[in-house]
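Working notes for the structure below.
The values are calculated or read from the model by the stated rules, or taken from the named source; none is laboratory data. Fair warning: this is a prediction, and the values are worked out from it, not measured in the lab. We place every Cβ from the backbone using ideal geometry, glycine too, and count neighbours over all the protein chains shown.
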Amino acid sequence: MQTNILSICYLIGSVSFIIGLKMLSNPATARRGNLVSAAGMGIAIFGTLFLYQPAGTQFNNYGWIVGAMIIGTLIGAISARKVKMTAMPEMVSIFNGMGGLCAALISIVEFGRIAQDNADMHVLSILAGMIIGSVSFAGSMIAYGKLSGKIKDHAFPGQHIFNLVVLFVIVLLGALIILGDNASSIFIFGGILILSLSYGVLFVLPIGGADMPVVISLLNSFTGIATACAGFLYNNPVMLTGGILVGSAGAILTILMCKAMNRSLKNVLIGSFGGAKAASGAAVGEQGNYREISLSDAAMVMAYAHKVIIVPGYGLAVAQAQHTCHELEKSLRKNGVEVKYAIHPVAGRMPGHMNVLLAEADVSYDDLLELEPANEEFGSADVVLILGANDVVNPAAENDPSSPIYGMPVLQVWKAKTVIINKRSMRPGYAGIDNQLFFQPNSSMLFGDAKDVLQQLINQVKDI
Amino acid sequence: MQTNILSICYLIGSVSFIIGLKMLSNPATARRGNLVSAAGMGIAIFGTLFLYQPAGTQFNNYGWIVGAMIIGTLIGAISARKVKMTAMPEMVSIFNGMGGLCAALISIVEFGRIAQDNADMHVLSILAGMIIGSVSFAGSMIAYGKLSGKIKDHAFPGQHIFNLVVLFVIVLLGALIILGDNASSIFIFGGILILSLSYGVLFVLPIGGADMPVVISLLNSFTGIATACAGFLYNNPVMLTGGILVGSAGAILTILMCKAMNRSLKNVLIGSFGGAKAASGAAVGEQGNYREISLSDAAMVMAYAHKVIIVPGYGLAVAQAQHTCHELEKSLRKNGVEVKYAIHPVAGRMPGHMNVLLAEADVSYDDLLELEPANEEFGSADVVLILGANDVVNPAAENDPSSPIYGMPVLQVWKAKTVIINKRSMRPGYAGIDNQLFFQPNSSMLFGDAKDVLQQLINQVKDI
Amino acid sequence: MQTLLDFIQNNIELFYVVILSVFLGIEVISRVPSVLHTPLMSGANAIHGVIIIGSIIVMGEASPDNYLVLTLGFIAVIVGTLNVVGGFVVTDRMLEMFKTGKKGASKQIKEN
Amino acid sequence: MQTLLDFIQNNIELFYVVILSVFLGIEVISRVPSVLHTPLMSGANAIHGVIIIGSIIVMGEASPDNYLVLTLGFIAVIVGTLNVVGGFVVTDRMLEMFKTGKKGASKQIKEN
Ligand SMILES: NC(=O)c1ccc[n+]([C@@H]2O[C@H](COP(=O)([O-])OP(=O)(O)OC[C@H]3O[C@@H](n4cnc5c(N)ncnc54)[C@H](OP(=O)(O)O)[C@@H]3O)[C@@H](O)[C@H]2O)c1
Ligand SMILES: NC(=O)c1ccc[n+]([C@@H]2O[C@H](COP(=O)([O-])OP(=O)(O)OC[C@H]3O[C@@H](n4cnc5c(N)ncnc54)[C@H](OP(=O)(O)O)[C@@H]3O)[C@@H](O)[C@H]2O)c1
């Protein structure tokens, strides 16, 4: 009876995951979708806690389990509540790593239990869960480090070959455990554990920090698969379906993220451009002539404009200038200027980065233009102010077939009467390529850190 | 070993059904998708034939089975090859009925076998398979009869209530079998069989002939569910997944078909408008003044036009005038006129009806305009010739919120310089509503059967 | 109630298969252009012809002297084959007409 | 080979569940607007936190004096809970920001 009800709890859990994911992929229902999944998760977890009957023995250690859950809930809820909007990807990376760690720990315990008997295929599930879980754990920790700026890109020559060798050794040792005798297997298991953790580190270390959202999505998919392995092991359908769903959805999502940046997954993982390499390599290309504009001129032009469109980019996030930007918007409005924001879907370093950033500064959602409406409005704008954006306003995406970003939809800022570009130098952005926009007759540069520049603009505007 | 391989055959079959359906829903891959499903089906069927091992006994009656399959293949392939394009929905209806019959027959045999033991839930699968299969079989036959014009709409007062009562009795008798003793159950079973067949007839009989595509799609979904019941009975995963997939996809497809006509499923099944009722009821509403145009004038206007767009509708199919229409197109082209066809997605009585019709007459696919491109081109057309279309060119869909078709996208023929409408009378079309288009200043009527009118137009155009 | 619960329990994986298939059927179909409605209906119609496997099993398990079952099974195999073969062939013929439809086709692909 | 085939045979329904889930995961996600990529990743991340059930089972089946297992399991439950709770809360916070996005939202709905 108890087991029957538990089965139904699991069924409900699985269905709620499917419906939740479905709802999550539509802006209108996304938030409720998340709650649906959460409710299903709750049913599955509490079902297990109260209804699970171990074969043979009874259910022990309630105290420890509940204690651990309380600790986990407190830490999880508080850190998730406190984290700054812009640090959310880091948070996701950590939580993903925790899932991987959990899978690895389960596999370790189960390996100790099952090593006695030789249930081939169960050992396979355990090994797979351990390896994938460990890779995901170690990789996520590195990704977290990179996002938070604590770890820099590292790569040594031939690292890709080396990584492949490590992977090969892991598989080899795994086969040894499955086929070999049981005496030494515990040591081999330990070896695999260490190698898997190292692989996770080696896998993520050389990838550019800016590509971390893609990597996290991939590791997310890995953790899903590790979860499914554990589901297989326990013949537990909710773990199985949940894990596989996340595994396949995560894989597709990874590909979609790459597509949104007009890159391939291989390109991200092996890194033909972007990150460290680009910053050093393609720094200064052939240049035309660009115009500079003074702070006071810029303030003047904007204060007397009818319509100003602000294009935020990665630089705004770096400078943490979202609040100052909102200030400028308000002073301009006081002068009767219509101000809007044009949001490119891959501006910044994670999808929705700009939305998150501006929401943090309380910019009204109604003032945000998406790509297509924005491109329709630029023509009627007097001034476009670009704050630390570069690739997403690069005309090469439309007119230079040899450009690596060719084909990516961009914000057609050049349609506006005047374009003012704020950045610190003439250095390229994420894609490491030059931007002809800067040299067009209606463009002018306004050098400096976004926050400083904005602050000074505000002062100037107020003085007018 | 044999069973293992059979399992894998079934797995392949299931996956090929999923992939096939997926590909079928995209015009570019649809045809290959159909082949993929067919290949998977072949693997599953031949796998069963050669690898299935009955519990206890051995596999008997190879000769009979193969013989039956050959007969079925011959009849199926020949009739499917020979059928006229425009009779295809009838064909689909028959084949669907055959699937339902097959499910019902299987259930009958299995009931005889299992009646001895009392495996509750198996009896449930058997009963469900039999009931749903019979309904689908009988319903499909009636739908076939209606589509081919052999059966007219029949309804008696209170039929909906009566149908519900029949359904209720079926469920009641079913419960009796599951809960009752086994002695009399064979008679009850026979009763249910007869009632189910009657229900199928009663269910479809009152529905307007024009709504048959929707009904067939629904019955298609039913047969899928009957198949899944048999899959449950035999614990056969390929029947289960195949049946359920068709069941759910068919249900969604039914809803989509209704949506494309801007109606609800309930509306179709209970029939608030359309079919027989509409033709008699709403015949003549308040009328304005319409202009008639003579055959020779119509021929003249078209022969000297730069661009003529033809809008085919249900009337063209009724008159079987597709070939004559293609003739007219050719003679106009000889006069240097640019001729195109504007195809509304729900013109005619099944989705794609016009495409099928014109393809049969060898009209080039490149001359067909879909809804949106057509609406862009009407403005530049000198003449629009409407052949037996009515609802799909009704401006009320755009400007009369009280109209039952309000909200359905229509062909905006009124943008053209001259609109010539061929139909036999001022009677309304499928939706049973008046059409203000006929009374607009740039419209004129050209009464007569489409085939006759077209033939005479051709003669006139040649004389010019 | 208890019987039902036990039944679900014993066939729990089948229930998962059913539920997942339901969702999959819905997802796979839900964005099909209306011109494909008829071929899709016809293709799906062919797929439920997999019921023929049931009739083959019925025949294969019948003893060769049980004429009633043999007759019913024989008919079942015939109509099942009709469903499968006729269904796929008709669908193929319908789709044949779309083969030259590059313009229309590519347009609709973009829409998806 | 034989072992593998037997294994598949014995777990055939699980394989169906796996395969259907794979397709379902792909279908469900494949038309998501890019602004939802990050919340979706985060939501999916929370879902694989269902791994915590495994750690609860490990703890529940461990004998109360097996301190090694208890310690590992204890940590596993903590990190699993972190994954679940943190994941859902972070996702909710991300999505909170879209709540006023009627304009943007309705536009993207039409696109689907
Ligand atoms: N959104 C995503 O999901 C995602 C994920 C990964 C990668 N990407 C990629 O990231 C790029 C995003 O384009 P983007 O236009 O937002 O950024 P970008 O092309 O990387 O350009 C950012 C610009 O900001 C300037 N900048 C940096 N710090 C600044 C500061 N403190 N003050 C003012 N300016 C500063 C930099 O120039 P200076 O150094 O001269 O100041 C740089 O050129 C795209 O190539 C996209 O494919 C996006
Ligand atoms: N395509 C589908 O999937 C589907 C399925 C079911 C229902 N429907 C519905 O069917 C309708 C289709 O619109 P439609 O514009 O194609 O057709 P319609 O609105 O039904 O109009 C057809 C017109 O053709 C005329 N007609 C009949 N026989 C004729 C002949 N021999 N020669 C010349 N004219 C003839 C009729 O007028 P006279 O009697 O005056 O000649 C009638 O007004 C829509 O309402 C749609 O929702 C579509």
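Can you tell me which of (1) within 19 Å of the chain's Cα centre (by Cα); (2) facing chain D (nearest Cβ under 10 Å) is the one residue A:146 doesn't meet?
Going through (1) within 19 Å of the chain's Cα centre (by Cα); (2) facing chain D (nearest Cβ under 10 Å) one by one, residue A:146 breaks only (2).
Pick out the one residue from A:284, A:246 that is at pLDDT below 95 and β-branched (Val, Ile, Thr). Break it down into steps so the answer makes sense when it comes.
Values: A:246 fails: at pLDDT below 95.
Exactly one residue qualifies, and that residue is A:284.
Report yes if some residue within the range C:87-103 is within 7 Å of chain B (Cβ to nearest Cβ), at pLDDT 95 or above, farther than 30 Å from residue B:344 by Cβ and part of a helix (DSSP H, G or I); otherwise report no.
no
Listed here are the residues, each with its yes/no results for (1) at the interface with chain B (Cβ under 7 Å from one of its Cβ atoms); (2) in contact with a Ser or Thr (Cβ under 8 Å, 6 or more places away or on another chain).
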position	(1), (2)
C:5	no, no
C:19	no, yes
C:23	no, yes
C:39	yes, yes
C:57	yes, yes
C:64	yes, no
C:67	no, no
C:72	yes, no
C:75	yes, no
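With the requirement that a residue be more than 7 Å from chain D (Cβ to nearest Cβ), more than 16 Å from ligand 1 (Cβ to nearest atom) and over 21 Å from residue A:100 (Cβ atoms), what does the range A:229-265 give you?
Correct list: A:235 only.
Report yes if residue B:61 is without any contact (Cβ under 8 Å) to a residue 24 or more places away in the chain and more than 26 Å from the chain's Cα centre (by Cα), otherwise no.
Details: without any contact (Cβ under 8 Å) to a residue 24 or more places away in the chain: yes; more than 26 Å from the chain's Cα centre (by Cα): yes.
For residue B:61, the condition - without any contact (Cβ under 8 Å) to a residue 24 or more places away in the chain and more than 26 Å from the chain's Cα centre (by Cα) - is met.
Suppose the filter is facing chain D (nearest Cβ under 7 Å), of a type in the set (A, V, I, L, M) and in a helix (DSSP H, G or I); does residue A:45 pass it?
On the way: facing chain D (nearest Cβ under 7 Å): yes; of a type in the set (A, V, I, L, M): yes; in a helix (DSSP H, G or I): yes.
So residue A:45 passes the test.
Quick check on residue A:92: is it buried (at least 17 other Cβ atoms within 10 Å of the Cβ) and on the phi < 0 side of the Ramachandran plot? Steps first, answer last, please.
Working: buried (at least 17 other Cβ atoms within 10 Å of the Cβ): yes; on the phi < 0 side of the Ramachandran plot: yes.
Against the criterion (buried (at least 17 other Cβ atoms within 10 Å of the Cβ) and on the phi < 0 side of the Ramachandran plot), residue A:92 qualifies.
Is it the case that residue A:158 is closer than 30 Å to residue A:48 by Cβ and either surrounded by 24 or more Cβ atoms within 10 Å (Cβ to Cβ) or over 20 Å from the mean Cα position of the chain (by Cα) (or both)?
Details: closer than 30 Å to residue A:48 by Cβ: no; either surrounded by 24 or more Cβ atoms within 10 Å (Cβ to Cβ) or over 20 Å from the mean Cα position of the chain (by Cα) (or both): yes.
The answer is no for residue A:158.
Do the conditions hold for residue A:195, that is, is it free of Cβ contacts under 8 Å to residues at least 40 places away in the same chain and touching a helix residue (DSSP H, G or I) at 6+ places or on another chain (Cβ under 7 Å)?
Details: free of Cβ contacts under 8 Å to residues at least 40 places away in the same chain: yes; touching a helix residue (DSSP H, G or I) at 6+ places or on another chain (Cβ under 7 Å): yes.
It is true that residue A:195 is free of Cβ contacts under 8 Å to residues at least 40 places away in the same chain and touching a helix residue (DSSP H, G or I) at 6+ places or on another chain (Cβ under 7 Å).
Kindly list the number of the only condition in (1) within 7 Å of chain D (Cβ to nearest Cβ); (2) among the aliphatic types (A, V, I, L, M); (3) in contact (Cβ under 8 Å) with a residue 40 or more places away in the chain; (4) under 30 Å from residue A:352 (Cβ atoms) that fails for residue A:91.
Condition (3) is where residue A:91 drops out.
All but one of (1) within 7 Å of chain D (Cβ to nearest Cβ); (2) more than 23 Å from the chain's Cα centre (by Cα) hold for residue A:76, so report the exception by its number.
Condition (2) is where residue A:76 drops out.
Of everything in the range B:304-329, what is farther than 22 Å from residue B:411 by Cα and touching a Leu at 6+ places or on another chain (Cβ under 7 Å)? Give them in sequence order.
B:324
Would you mind stating whether residue A:109 is in contact (Cβ under 8 Å) with a residue 12 or more places away in the chain and β-branched (Val, Ile, Thr)? Before the answer, list the steps.
Values: in contact (Cβ under 8 Å) with a residue 12 or more places away in the chain: no; β-branched (Val, Ile, Thr): yes.
No, not satisfied.
For residue B:372, indicate whether it is over 25 Å from the mean Cα position of the chain (by Cα), of a type in the set (Asp, Glu), outside any loop (DSSP other than H, G, I, E, B) and at negative phi.
Against the criterion (over 25 Å from the mean Cα position of the chain (by Cα), of a type in the set (Asp, Glu), outside any loop (DSSP other than H, G, I, E, B) and at negative phi), residue B:372 does not qualify.
Give the residues of the range A:448-462 that are touching a residue at least 24 places away in the same chain (Cβ under 8 Å) and under 13 Å from residue A:296 (Cα atoms), sorted by residue number.
A:453, A:454, A:455, A:456, A:457, A:458, A:460, A:461, A:462
State the number of residues belonging to the range B:329-362 that are among the aliphatic types (A, V, I, L, M), away from ligand 2 (no atom under 16 Å from the Cβ) and not in a helix (DSSP H, G or I).
Pass one, the range B:329-362, residues among the aliphatic types (A, V, I, L, M): B:332, B:337, B:339, B:342-343, B:346-347, B:350, B:354, B:356-359, B:361.
Now drop any that are not away from ligand 2 (no atom under 16 Å from the Cβ), which leaves B:332, B:337, B:339.
When the remaining residues are screened for being not in a helix (DSSP H, G or I), the result is B:337, B:339.
Summing the residues that are among the aliphatic types (A, V, I, L, M), away from ligand 2 (no atom under 16 Å from the Cβ) and not in a helix (DSSP H, G or I) in the range B:329-362 gives 2.
Pull up the range B:330-347, narrow it to residues that are within 13 Å of chain C (Cβ to nearest Cβ) and modelled with pLDDT of 85 or more, then point me to the one that is farthest from residue B:261 (Cα to Cα).
So the first thing to find is which residues in the range B:330-347 are within 13 Å of chain C (Cβ to nearest Cβ), and the list is B:340-347.
Of the ones still in play, those that are also modelled with pLDDT of 85 or more are B:340-344, B:347.
Details: B:340: 24, B:341: 20, B:342: 17, B:343: 14, B:344: 11, B:347: 9 Å.
Looking at the filtered set, the residue picked out is B:340.
Residue-by-condition table, conditions (1) away from chain D (no Cβ under 14 Å); (2) in contact (Cβ under 8 Å) with a residue 60 or more places away in the chain; (3) more than 12 Å from ligand 1 (Cβ to nearest atom):
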{"residue": "A:359", "(1), (2), (3)": "no, yes, yes"}
{"residue": "A:365", "(1), (2), (3)": "no, no, yes"}
{"residue": "A:370", "(1), (2), (3)": "no, no, yes"}
{"residue": "A:373", "(1), (2), (3)": "no, no, yes"}
{"residue": "A:379", "(1), (2), (3)": "yes, no, yes"}
{"residue": "A:402", "(1), (2), (3)": "yes, no, yes"}
{"residue": "A:415", "(1), (2), (3)": "yes, no, yes"}
{"residue": "A:430", "(1), (2), (3)": "yes, yes, no"}
